[in-house]
1. Hey, among the residues in region 125-147 that are under 22 Å from Gln24 (Cα atoms) and touching a Ser or Thr at 6+ places or on another chain (Cβ under 9 Å), which one's surrounded by the fewest Cβ atoms within 10 Å (Cβ to Cβ)?
2. Restricting attention to region 11-20, report how many residues are surrounded by fewer than 23 Cβ atoms within 10 Å (Cβ to Cβ) and under 15 Å from Lys47 (Cβ atoms).
3. Can you tell which of Leu27, Leu52, Leu63, Leu3 is touching a Gly at 6+ places or on another chain (Cβ under 8 Å) and not aromatic (Phe, Trp, Tyr)?
4. Can you tell me which residue in region 77-108 is nearest to the chain's Cα centre (by Cα), limited to those that are closer than 16 Å to Ser145 by Cβ and assigned to a helix (DSSP H, G or I)?
5. Which one of these is closer than 27 Å to Glu32 by Cα and in contact (Cβ under 8 Å) with a residue 40 or more places away in the chain: Leu162, Leu89?
6. Of the residues that sit in region 21-72 and are loosely packed, with under 11 Cβ neighbours inside 10 Å and in a loop (DSSP other than H, G, I, E, B), which one is nearest to the chain's Cα centre (by Cα)?
7. Regarding Lys38, is this residue out of contact with any strand residue (DSSP E or B) (no Cβ under 9 Å at 6 or more places or on another chain) and at pLDDT 95 or above?
Amino acid sequence: MALEVCVKAAVGAPDVLGDCPFSQRVLLTLEEKSLPYKMHLINLSDKPKWFLDINPGGKVPVLKIDGKWVPDSDIIVSLLEKKYPEPSLKTPPKFASVGSKIMSTFVAFLTTKDASDGPLLHELDALENHLKSHDGPFIAGERVSAVDLSLAPKLYHLQVALGHFKSWSVPGSLTHVHNYMHALFSLHSFEKTKAEEKYVIAGWAPKVHF
């Protein structure tokens, strides 16, 4: 039975892939595992009835697997790893939480007027130190794993949104972070599943109140 996935459509362009980092995480997982799938673009400002019927919560992503619709990117990624274990995207448990606070500190800095970038820099410094002390180019070594596919969309949003709204960029001194971002953004799966920058900006614009 074919896999189907519902993901966010672009703001103002319902026929174009949108900017949801959690949707992209699922798409990245499907691509890295070379799994065929049918993608449904969901206009979150005008959700179709069939989508709300199968997913009353109305959030994306949602994956149809074994005939059932399953929400939540954490659950979806875990299910895909169990059902399709090869190629493995498992992250060693000791590395699973690397970078886990980058998204929350990025969002706080982006959406709060006069916010300090200190908490975000603290998290990026921690990522830099991890990458510096371990063989890369990815979190767990030479092979991309689930933690990378979770971080990649978040770092992309960070780069695009903070650059646009706050003229802020990752400090050049964080060379390992820059190299890591380049490695992630160069993946064929990432190129195929990323939203255009203008749609990332459009997606964040309503949340930036200054």
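1. Arg143
2. The total comes to 2.
3. Sole residue among the options that is touching a Gly at 6+ places or on another chain (Cβ under 8 Å) and not aromatic (Phe, Trp, Tyr): Leu52.
4. Val77
5. One residue alone meets the criteria, Leu89.
6. Step by step, filter region 21-72, then rank; the result is Ser34.
7. no
Residue-wise test of (1) assigned by TED's automatic domain parsing to the domain that holds Val60; (2) within 27 Å of Val62 (Cβ to Cβ); (3) of a type in the set (S, T, N, Q).
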site: Gly118; (1), (2), (3): no, no, no
site: His122; (1), (2), (3): no, no, no
site: Lys132; (1), (2), (3): no, no, no
site: Phe138; (1), (2), (3): no, no, no
site: Leu151; (1), (2), (3): no, yes, no
site: Ser167; (1), (2), (3): no, no, yes
site: Gly172; (1), (2), (3): no, no, no
site: Phe185; (1), (2), (3): no, yes, no
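The values are calculated or read from the model by the stated rules, or taken from the named source; none is laboratory data. Note that the structure is predicted; figures quoted are calculated from it, not measured. Glycine also receives a Cβ, built like all others from the backbone with ideal geometry; neighbour counts cover every protein chain displayed.
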